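The values are calculated or read from the model by the stated rules, or taken from the named source; none is laboratory data. Since this is a predicted model, take the numbers as computed values, not measurements. Every residue, glycine among them, receives a Cβ derived from its backbone with ideal geometry; neighbour counts consider all protein chains shown. We work out accessible area using only protein heavy atoms, side chains counted, and drop any ligands, DNA or RNA first. Shrake-Rupley method; radii C 1.70, N 1.55, O 1.52, S 1.80 Å.
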Amino acid sequence: MYAWTPATRSTTQWTTGRGPDSTVSSSPRDLPRPSPCAPPNPCSSGRERVSAGPFPPVPVAEQITHGNRRGHQKQSTSQNHPEHAPILAASGLVFDSQLPQSGVMSSHQLSAASLVAVVDPAAHGRGGPAYQAWASAISAAVMDGRIPDGTRLPSERTLADAAGISRTTATRAYGVLRDRGLASARQGSGTVIRLPLTEQNATSLLARSADPDDIALTTAAMPAPPELAHLVHRATEGLPSLMATHGYLPDGLPLLRERLAQRYTEHGLATEPEQIIVTTGAQGALALLTRTLCRPGGRALTEACSYPHAFDAFGGAGARLVPLPIGDDPWPLADIERAAPSAQVAYLIPDFHNPTGAVMDAERRARVGATLRRHDVATIIDETTRDLRLDGDSLPHLATWCSDAFTIGSASKSIWGGLRVGWIRAPRSAVPGLVQARLHQDLGASALDQLIVAEAVAAGLLDRSPHLDTARRTRDAASAMIADRLPDWRIDIPAGGLTLWARLPGRRASALALAAEEHGLLLTPGPRFFGAQPHAGEQWIRIPYTQPPEIMERAIERLGRAWSDLGPPDAHAVRDPRTIDIIT
């Protein structure tokens, strides 16, 4: 059934100002920026361009068309290595050299069109010079991982042409990046992103500061619970018999596989131990599945916003992302039904969706599962946060209606992230191929960690996580503090998970994250969760409630001060009377 091959409309604002002190203003219309896949606008020469607001839902058919167009655009950059074309198309990166035979790229360059697509200077303008807005927008994209370390930026001339800004503006923006220590430049080599080596910038999802007074609201994970010590003691009692073996477990510890299969069966999803593959965390499971299920150029159906490293995994496997339209509902049924016939793979988070916290109801699960099965879509169901239900009753597994799905589970959220144990529940026929492919990645997860998780399953700690009471109290307290301190923000209280998804009254998430750093608060802004359309995330910010209540109170206070620093939305923006809204 599966091939086991490793493997719009838009509004833009224009102003005729050319100098570096030109101000950035925003349009009153909430329509998107031009797609990076669209051909250059013939009107763009010699004009300043800025974003005009958040994206509306993008029809699936248009997204597929854009993906094809992008692939054609990038074809010339990989004529010598056509197998890399889908990866280039998905990433927007143009690789300019390759180490012989190894396939490892030694450097990469971001095209001007891709840079314009990935940053949003209007969200950082606040009436200041255009070059400052561009520098802040690029800085935000670097710090939240949209632009990786080592990326060569386009030349000032090509950026100016693509963005419709003056070359002086581009030059001064790059100069600010160098002054901030985020870029370096050498004659003939251009401007290259060079992150300073600190704990904070490893990734914004795991960021923490070297300053003990700083607070990081970036990681949706709890510290180890007191119960872990007892689990470790019990696990070490079973270690001697395991030490008599070689210890390599590419499909997983038999005891753990049996207990996980029994747990699925007790929850209404009949499962045999032979269907379970234990992996090195949920991320290891996702990497294995994307590398095995995806063909280069194959379409991967995903939610519009989702777990960022899932987008990274699909891009690394050469898949072409087909995100669902952006809206209040992560799973629009009509669009899923339209996209499914052409999708090779689908990736969904139905329980306490990351980052929105939404839950797919039972009726929708039945229709989504039936649709994906009918069209033979290899479906990856991420249940990493399923066990963190704070309110209400559990719903049946989505795989109940999609029996050939690949379900990912993990102990990292419900027990502790230091236990690098995840698993895949797969169709029995798919297991041999997955295990064989897994040998190219690693030879198995830690045996001791697997023993610990086996004890946790037997003790029922996945069904009643020791974090639930703390998470519930902190969620309620954080929500109340935000409502009091930031009444213009909108938050729907999630029934589970570990994060709040806050909607801001303006498109300013990246600017807020930068302002918050000045107050000793680290945040992950919304664009990091929108793989294909990062600008759509500028009105959102994720707030994990994983810190103790007293620290959360200090964090929300700092968040309020940072928001106040930005001033009222567009309070200082000046709309040039010569501005023209171009709708294409």
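Just checking, how many residues over segment 247-256 are modelled with pLDDT of 95 or more and over 29 Å from the mean Cα position of the chain (by Cα)?
The qualifying residues number 4.
Going by the conditions given, is SER403 within 21 Å of HIS233 (Cα to Cα) and not acidic (Asp, Glu)?
Details: within 21 Å of HIS233 (Cα to Cα): no; not acidic (Asp, Glu): yes.
No, not satisfied.
Tally the residues that are aromatic (Phe, Trp, Tyr) and open to solvent by 10 Å² or more (accessible area, probe 1.4 Å), restricting the search to segment 303-326. Can you show your working first?
From segment 303-326, those aromatic (Phe, Trp, Tyr) are 307, 311, 314; that's our starting set.
Those left that are additionally open to solvent by 10 Å² or more (accessible area, probe 1.4 Å): 307, 311.
The total comes to 2.
Regarding GLY268, is this residue out of contact with any Gly (no Cβ under 9 Å at 6 or more places or on another chain), among the small types (Gly, Ala, Ser) and open to solvent by 10 Å² or more (accessible area, probe 1.4 Å)?
Details: out of contact with any Gly (no Cβ under 9 Å at 6 or more places or on another chain): yes; among the small types (Gly, Ala, Ser): yes; open to solvent by 10 Å² or more (accessible area, probe 1.4 Å): yes.
Criteria met by GLY268.
Mind checking which residues of segment 424-458 are surrounded by 18 or more Cβ atoms within 10 Å (Cβ to Cβ), in a loop (DSSP other than H, G, I, E, B) and out of contact with any Lys or Arg (no Cβ under 9 Å at 6 or more places or on another chain)?
The one that is surrounded by 18 or more Cβ atoms within 10 Å (Cβ to Cβ), in a loop (DSSP other than H, G, I, E, B) and out of contact with any Lys or Arg (no Cβ under 9 Å at 6 or more places or on another chain): ALA426.
Could we say that GLY190 is under 17 Å from ALA113 (Cβ atoms) and either open to solvent by less than 50 Å² (accessible area, probe 1.4 Å) or outside the structural domain of ALA122 (by the TED database) (or both) here?
Values: under 17 Å from ALA113 (Cβ atoms): yes; either open to solvent by less than 50 Å² (accessible area, probe 1.4 Å) or outside the structural domain of ALA122 (by the TED database) (or both): yes.
Yes.
Among the candidates ALA285, ALA300, single out the residue that is within 25 Å of ASP387 (Cα to Cα) and crowded, with 20+ Cβ neighbours inside 10 Å. Steps first, please.
Numbers: ALA300 fails: within 25 Å of ASP387 (Cα to Cα).
Answer to the selection: ALA285.
Go through (1) surrounded by 24 or more Cβ atoms within 10 Å (Cβ to Cβ); (2) farther than 20 Å from ARG542 by Cα; (3) touching a Leu at 6+ places or on another chain (Cβ under 6 Å) for ASP335 and report which single condition fails.
Just one mismatch for ASP335, condition (1).
So, in segment 372-409, exactly how many residues are open to solvent by 20 Å² or more (accessible area, probe 1.4 Å) and either more than 23 Å from the chain's Cα centre (by Cα) or among the aliphatic types (A, V, I, L, M) (or both)?
Total meeting the criteria: 14.
Can you list the helices (runs of 4 or more DSSP H) found entirely within segment 468-584 that contain at least 3 residues being modelled with pLDDT of 95 or more, more than 25 Å from ALA358 (Cα to Cα) and in contact with a His (Cβ under 6 Å, 6 or more places away or on another chain)?
Details: elements: 468-485, 509-517, 549-566.
The helices (runs of 4 or more DSSP H) meeting that bar are 549-566.
Applying the selection to segment 247-260, what residues are under 14 Å from GLY460 (Cα atoms) and among the aliphatic types (A, V, I, L, M)?
At the first step, the residues of segment 247-260 found to be under 14 Å from GLY460 (Cα atoms) are 256, 259-260.
Selection gives LEU256, LEU260.
Can you confirm whether segment 439-446 contains a residue that is touching a helix residue (DSSP H, G or I) at 6+ places or on another chain (Cβ under 7 Å) and hydrophobic (A, V, I, L, M, F, W, C)?
So far as segment 439-446 goes, no, none of its residues is touching a helix residue (DSSP H, G or I) at 6+ places or on another chain (Cβ under 7 Å) and hydrophobic (A, V, I, L, M, F, W, C).
Considering only residues that are among the hydrophobic types (A, V, I, L, M, F, W, C), assigned to a helix (DSSP H, G or I) and buried (at least 21 other Cβ atoms within 10 Å of the Cβ), which ones fall in segment 158-176?
We begin by selecting, within segment 158-176, every residue among the hydrophobic types (A, V, I, L, M, F, W, C); these are 159-160, 162-163, 165, 170, 173, 176.
From what is left, the residues that are assigned to a helix (DSSP H, G or I) are 159-160, 162-163, 170, 173, 176.
LEU159, ALA160, ALA162, ALA163, ALA170, ALA173 - these are the residues of segment 158-176 that are among the hydrophobic types (A, V, I, L, M, F, W, C), assigned to a helix (DSSP H, G or I) and buried (at least 21 other Cβ atoms within 10 Å of the Cβ).
Can you confirm whether segment 369-379 contains a residue that is in a loop (DSSP other than H, G, I, E, B), in contact with a strand residue (DSSP E or B) (Cβ under 7 Å, 6 or more places away or on another chain) and under 30 Å from ALA454 (Cα atoms)? Show your work before the answer.
To start, the set of residues in segment 369-379 that are in a loop (DSSP other than H, G, I, E, B) comprises 375-377.
The next check asks that each one be in contact with a strand residue (DSSP E or B) (Cβ under 7 Å, 6 or more places away or on another chain); those that pass are 377.
Next, only the ones that are under 30 Å from ALA454 (Cα atoms) stay: none.
The answer is no; no qualifying residue exists.
Does ASP463 satisfy the condition of being acidic (Asp, Glu), under 26 Å from the mean Cα position of the chain (by Cα) and at pLDDT below 95? Reasoning before the result, please.
On the way: acidic (Asp, Glu): yes; under 26 Å from the mean Cα position of the chain (by Cα): no; at pLDDT below 95: yes.
No: the conditions fail for ASP463.
When you scan segment 137-157, how many residues do you find that are open to solvent by less than 10 Å² (accessible area, probe 1.4 Å) and not in a helix (DSSP H, G or I)? Even if it seems obvious, please write down each step before you answer.
Initial filter on segment 137-157 (open to solvent by less than 10 Å² (accessible area, probe 1.4 Å)): 137-142, 144, 147, 151, 153-154.
Okay, now just the ones that are also not in a helix (DSSP H, G or I), so 144, 147, 151, 153-154.
Residues flagged as open to solvent by less than 10 Å² (accessible area, probe 1.4 Å) and not in a helix (DSSP H, G or I) within segment 137-157 amount to 5.
Among the candidates ALA536, ALA532, ALA509, ALA502, single out the residue that is farther than 18 Å from GLY567 by Cβ, in contact with a Pro (Cβ under 7 Å, 6 or more places away or on another chain) and open to solvent by less than 10 Å² (accessible area, probe 1.4 Å).
Just a single option satisfies the conditions, and that option is ALA536.
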